[in-house]
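Read through the structure below, which is laid out as structure tokens, and then see the notes.
Computed from the coordinates by the stated procedures, all read-outs in this text should not be read as laboratory data. Treat the numbers as computed from the prediction; the structure is a model and nothing was measured. All Cβ positions, even for glycine, are placed from backbone atoms using ideal geometry, and neighbour counts span all protein chains on display.
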Amino acid sequence: MIVILFFLTLFLASIAAGALGSIVGIGGGLIVIPILTLFLGVDIHYAIGASIVSIIATSSGAAATYVKDRITNLRIGMFLETGTTTGAIIGAAVAAYLSAVVLEAIFGTILIISLVPLVRKIGEEYPPKQQLQGLAKKLSLRGDYTEPDGRKIEYNATNPGKGLAGMLVAGLISGLLGIGSGTFKVLSMDLAMKLPMKVSTTTSNFMIGVTAAASAGIYFARGDVNPLITAPVALGILIGASIGTHFLVRAKNTAIRKIFALVLAASAIELIIRALGF
Amino acid sequence: MNRILGIVLRVGVLLSGGVIAIGTTLFVADHSLDDTSSYLQYNPGFIPHGNFPVSLASIASGLISLDPFSIIALGFLVLLATPIARVALSLFLFAAEKNRMFVYLTATVLAILLFSMLATPLIPLFNG
């Protein structure tokens with residue numbers, strides 16, 4: 001393929017990936033990796049290298065808006081990030097000794113199973129108000145944000161221990177498989193900690209950038225971040241992410257959860273297909 | 001402080017996007033009709049795999065000669081710095097709030113982050 005066509009294809013696909021990623025709190029890898037490997041015949045290592053940069057681009061590209069609108073919960077994000085980064089380092093260290101195929105199959109299955117509780121609360125706009133107690137109270141894991149119609153939504157986090165455990169697993173998966181595992185982060189905050197969906201996806205958006213930055217140096221030094229592939233991806237994602245943020249701010253939580261459920265199903269299928277070796 | 005955080009993020013994103021766009025434009029101007037296969041070869045036996053700059057020194061020397069790939073890599077580095085700057089600024093944010101618990105938590109995250117960025121490429125175990 002000639003350079004200009006390669007650039008344009010990737011650039012346009014990445015705009016879509018950035019928009020979707022910034023709304024549901026995941027990096028763009030779900031869209032970018034299969035386009036690179038299946039349609040453009042790029043080596044999986046280069047695809048993952050581009051995906052790591054795309055995660056950071058999604059996170060930072062969306063962050064400016066989410067910080068301004070105060071939807072991201074920095075305290076909850078920072079608390080959970082201790083688990084994710086620790087998990088990521090452990091994962092990267094032991095990755096060489098574990099089978100990627102088995103891991104992909106296990107993780108894909110976990111994602112499919114988690115569709116059940118997610119679909120059960122698919123129509124829930126706001127979680128029922130939780131009692132702030134224990135560790136959540138000590139760390140003041142609560143917050144509020146303002147909907148576009150001016151209503152102030154207050155919420156308390158529950159089960160911080162379960163949430164942190166979920167993040168440790170999410171970090172392990174990122175370190176082991178080189179994927180962002182934003183899906184697992186959103187699931188932990190939505191199902192275990194019972195945060196409003198917007199808060200879960202935007203807080204995940206914050207966290208995936210930090211986790212990816214932690215491992216980006218390794219990929220960079222190895223030479224996995226190929227500028228020819230990664231430049232159009234990064235540019236497209238940055239533009240797409242800023243489009244996605246405008247949607248999220250105005251959207252209903254139920255709409256975001258529906259999109260997330262579809263993305264979750266798609267990423268589970270993608271992982272299982274990868275594990276089966278297609 | 002939240003405003004400063006917003007400004008830093010916005011400047012970081014615009015700067016990295018701009019630098020990557022300049023590098024990309026320079027590359028496309030010269031190579032728009034090249035075949036991509038010569039750039040996409042992956043050599044599992046060699047580290048680094050590609051023929052593009054991967055160290056700070058090679059990026060710096062490439063920048064002097066306006067090498068497009070070095071300019072793009074500089075943009076990646078700016079992008080990479082934004083989440084780190086965000087955590088570092090959060091540290092000041094929590095310190096200003098006198099929220100001691102979160103100063104510790106954030107310092108922990110920052111320490112893990114800097115460890116994995118600076119130390120892990122040097123540890124053979126992590127180079128899989």
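Helices of chain A meeting both criteria, an alpha-carbon length of 30 angstrom or more along the long axis and an average Kyte-Doolittle score not below 1.0, with helices taken as full DSSP H segments, are A:3-24, A:44-68, A:100-120, A:227-250, A:253-276. Measure nothing fancy, just the Cα-based angle from helix B:100-118's long axis to the longest principal axis of chain B, in degrees from 0 to 90, nearest 10. Around 20 degrees separate the two axes.
Rg and Dmax of segment A:11-122, based on Cα coordinates, read 16.1, 43 Å.
How well do other chains shield peptide B:21-34, expressed as the mean number of their Cβ atoms within 10 Å of each residue Cβ? Display every interim value, and only then the final one.
Details: counts 4, 0, 2, 8, 1, 0, 5, 6, 0, 1, 4, 5, 4, 6.
Taking all residues of B:21-34 together, the mean is 3.
Taking a threshold of 22 Å on the Cα-Cα distance, which of the pairs A:Lys185/B:Lys98; A:Lys138/A:Lys258; A:Lys121/A:Lys258; A:Lys138/A:Lys162; A:Lys152/A:Lys252 fall above it? If you can, show how the numbers build up before the last one.
On the way: A:Lys185/B:Lys98 28 Å; A:Lys138/A:Lys258 33 Å; A:Lys121/A:Lys258 10 Å; A:Lys138/A:Lys162 16 Å; A:Lys152/A:Lys252 14 Å.
The pairs that break the limit, which is 22 Å between Cα atoms, are A:Lys185/B:Lys98; A:Lys138/A:Lys258.
About the centre of its Cα atoms, chain A shows a dipole size close to 860 debye [charges on the beta carbon of Lys, Arg (+1) and Asp, Glu (-1) only; nearest 20 debye]. Residue ranges A:213-222, B:31-40, B:81-90, A:134-143 sort as A:213-222, B:81-90, A:134-143, B:31-40 when ordered by packing (mean number of other C-beta atoms within 10 Å per residue, highest first).
Mind checking which aspartates and glutamates have their C-alpha under 16 Å from A:Lys137, skipping anything on the same chain fewer than 8 residues away? Within the straight-line limit of under 16 Å, A:Lys137 reaches these aspartates and glutamates: A:Glu154.
Averaged over peptide B:93-99, the number of partner chain Cβ atoms lying within 10 Å of each residue's Cβ comes to 1. Gap in Å between the Cα centre of segment A:215-274 and the Cα centre of segment B:6-85? That distance is 20 Å.
Compute the Cα gyration tensor for segment A:169-265, then decide on rounded, prolate or oblate, letting a ≥ b ≥ c be the square roots of its eigenvalues: rounded whenever a/c is under 1.5, prolate when a/b is larger than b/c in the other cases, and oblate in all that remain. Oblate. Averaged over the residues of peptide A:248-256, the number of Cβ atoms from other protein chains lying within 10 Å of each residue's Cβ is 0.
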